[in-house]
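**Student:** For reference, the structure I am asking about is given below.
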Amino acid sequence: QVQVVESGGGEVQAGGSLRLSCAASGSIYGMLANAWYRQTPGKERDFVARISNAGNTNYAVSAKGRFTISRDNANNTVYLQMNNLKPEDTGVYYCRATSAGGDYWGQGTQVTVSS
């Protein structure tokens, strides 16, 4: 079983920064990629950023130039550095870990950006 735990959320003013962390533990093998998603009430989870085990990255249009996803393979941790935050970045951020054994999700961490 794989456990995924997000942390680092909080409340900031527009223009501020946060760094989210996603730590994976348990029976991890064949980790392929990690991704961050954002969800607001009543809406589906939206893709934010993804990083492969080789370090290749992809970003949503809204995240490009402001967010940076990175990983620390030694500690099975993925980070999402979020700069110049906007009120529309508000939501619960979920980490998804994709491995040869399947997809695993964390419980989410709340990010609130006030104007």
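The values are calculated or read from the model by the stated rules, or taken from the named source; none is laboratory data. The structure presented is a predicted model; accordingly, all values stated were derived computationally and were not measured. So basically every Cβ, Gly included, is an ideal-geometry build from the backbone, and we count neighbours across all protein chains shown. In case anyone asks, the SASA skips ligands and DNA or RNA and just uses the protein heavy atoms, side chains included. Shrake-Rupley method; radii C 1.70, N 1.55, O 1.52, S 1.80 Å.
**Student:** Would you mind classifying the chain by shape? Square roots of the alpha carbon gyration tensor eigenvalues, ordered a ≥ b ≥ c; an a/c under 1.5 is rounded, otherwise it is prolate if a/b is larger than b/c and oblate if not. Please list the in-between numbers first.
**Tutor:** Working: a/c = 1.92, a/b = 1.67, b/c = 1.15.
Prolate, since a/c reaches 1.5 and a/b exceeds b/c.
**Student:** Let me ask something else. If you count only protein heavy atoms with a 1.4 Å probe, what accessible area per residue comes out for the stretch 1-112, rounded to a whole Å²?
**Tutor:** 51
**Student:** Here's a follow-up. Given springs between every Cα pair under 10 Å in a Gaussian network model of the chain, which of Q13, Q39, Q81 has the largest fluctuation?
**Tutor:** Comparing Q13, Q39, Q81 in a Gaussian network model of the chain, the most mobile one is Q13.
**Student:** Same structure again: Restricting to DSSP loop positions (anything but H, G, I, E, B) with no more than 16 other Cβ atoms inside 10 Å of their own Cβ, which GluC sites (Glu not before Pro) remain in the stretch 1-63? All intermediate terms of the calculation are to be shown ahead of the outcome.
**Tutor:** Working: sites: E6, E11, E44; in loops: E44.
Those that pass, being in a loop and sparsely packed, are E44.
**Student:** If you don't mind, there's one more thing I want to ask. Rounded to a whole number, what % of the accessible area of the chain do carbon and sulfur atoms account for, probe 1.4 Å?
**Tutor:** Working: 2680 of 5920 Å².
C and S atoms contribute 45 percent here.
**Student:** Right, another one. Can you sort L32, L80 by 1.4 Å-probe accessible area, starting with the largest?
**Tutor:** Working: L32 85, L80 0 Å².
These residues rank, largest area first, as L32, L80.
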